[in-house]
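Inspection log for the structure reproduced underneath, given as structure tokens.
Laboratory data are not the source of any read-out in this text; all were calculated from the coordinates shown. All of these numbers come straight from a predicted model, not from anything done at the bench. As a convention, Cβ positions derive from the backbone with ideal geometry for all residues, glycine included, and neighbour counts pool all protein chains shown.
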Amino acid sequence: MDVDQTLVEEWPYAYVLHADESDDHCSYCLVKKEESLLQSCSKCQFARYCNKECQRKAWPDHKKECSYLHKHKPFVPSDTTRLMARVLFKLMKGEKGDKEKIWSKRNFDDLMTHTKDIKERNYSAYGLFENTLTELRKYVGLPLEDAAFAFEVFGAISTNRNSIRSIQSSAHASGLYLGFSALDHSCDPDVWSAFDGPNLLLRTTKPNLTLNTNLKISYIEPFDFTSERRTKLQENYYFTCNCDKCTDLNWDRLLLSVKCSKCQDVAFISKDMENEAICQNNECKSNFNAYDAVRLMQEIGRRNISTDFSLENTKWAVSMLDSIETLLSDANLFAYHLRNVARAFLGWRQNEHKKSIKLALQARDIALKYFPGYKNQPLDFMIFAYEMALRQDDKDLKKSIASQTIALLEKTYGTEHCEVRFLEDKMKKLLSLNLLVL
């Protein structure tokens, strides 16, 4: 099978739309619509649906919670509590998942819970459990003696839950996928999870793959150095990653690489001499002083550019764009984060749309080349470029960016994805009218 193909589709064992998205999303299919176009559940008034068909399909999972939501309104429990309640309702009916219908032959009992790790090492997660347990007792009247059982269920959900996102938005729902939960982590994944509503699409990032439980996915985003990725995995999943990428000493050197002062190719900072760099191009192999590049990386790190989006930092990021182009390689992680901060600031705050488009396209190409296993990021950059192009009078630019966006949409999610078809139809119609608005 080729790259960018769907190996299997999986409907969640349980899922919930996040409460802060409930006004303008269908609680069943998760499609975003204007609030006036959604129909509220007549009893609880919380769940909203596209139509009677979505409401009918949602009823087996909503029936039990509907009574509790109605009983306690206007109180609405946290997303974690609502997801956990849905799982508990299923388990109390003996519904653990049918192994014969799940591609990895798993049911709820097969999920890892890590309750010992949560209790002894992850104090924030254990605090969340205690808060969830308090809410469950108020929400569904969970007896005190069921606390241990509830902790096992919480551990299974905490360890295995997936954030569900649409093409155009960040996570807006959470779900538990029994088949998908069989897959272990790698920072160089074989497959990734795309979503078409609640339906999970397991899509390939490498060629010649067949569906099996030895395939690897990434539990975290890859845009960190090895020590940071390992820390996140230890803190949230309780293991030390020893995948090929984490044990490749040259990977971090690539993420810290600079531009050769002679040929402009990738150069690694010398292990022995902090400010000396060695070109990796076999036809060049020059040694040179990389003092300015090293100082620039140190300053980007000191400012926490990837997480601190203060006005001072964003303006400074824009002022450093020429410096990173001169000194740092395309693979450099510090440059990657700085460009992203500058791109957003130039586009949304400064209305310098053409500059922000150039940065977005550059970021797309870098993500595709160096982080091919993380498919959402390049498409996010492309959609950003499209949104910026809409604000330009240049019709040729709009057509070019729209065409590139459609191509990447199809490659990333497939041509049958309902949101891809919707966006394509909208783009093509607006292109023909020269009224491009996403």
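Among the candidates Arg203, Arg165, the residue that is within 15 Å of the chain's Cα centre (by Cα) and either crowded, with 18+ Cβ neighbours inside 10 Å or on the phi > 0 side of the Ramachandran plot (or both) is uniquely Arg203. Taken over segment 345-360, residues that are in a helix (DSSP H, G or I), without any contact (Cβ under 8 Å) to a residue 40 or more places away in the chain and not charged (D, E, K, R) amount to 7.
Listed by position, the helices (runs of 4 or more DSSP H) contained in segment 107-203 that have at least 3 residues being closer than 22 Å to Leu17 by Cβ and not basic (Lys, Arg) are 123-139, 147-160.
Which ones in segment 235-258 are surrounded by 15 or more Cβ atoms within 10 Å (Cβ to Cβ) and touching a Cys at 6+ places or on another chain (Cβ under 9 Å)? Listed by number, the residues that qualify are Cys241, Cys243, Lys245, Cys246, Trp251.
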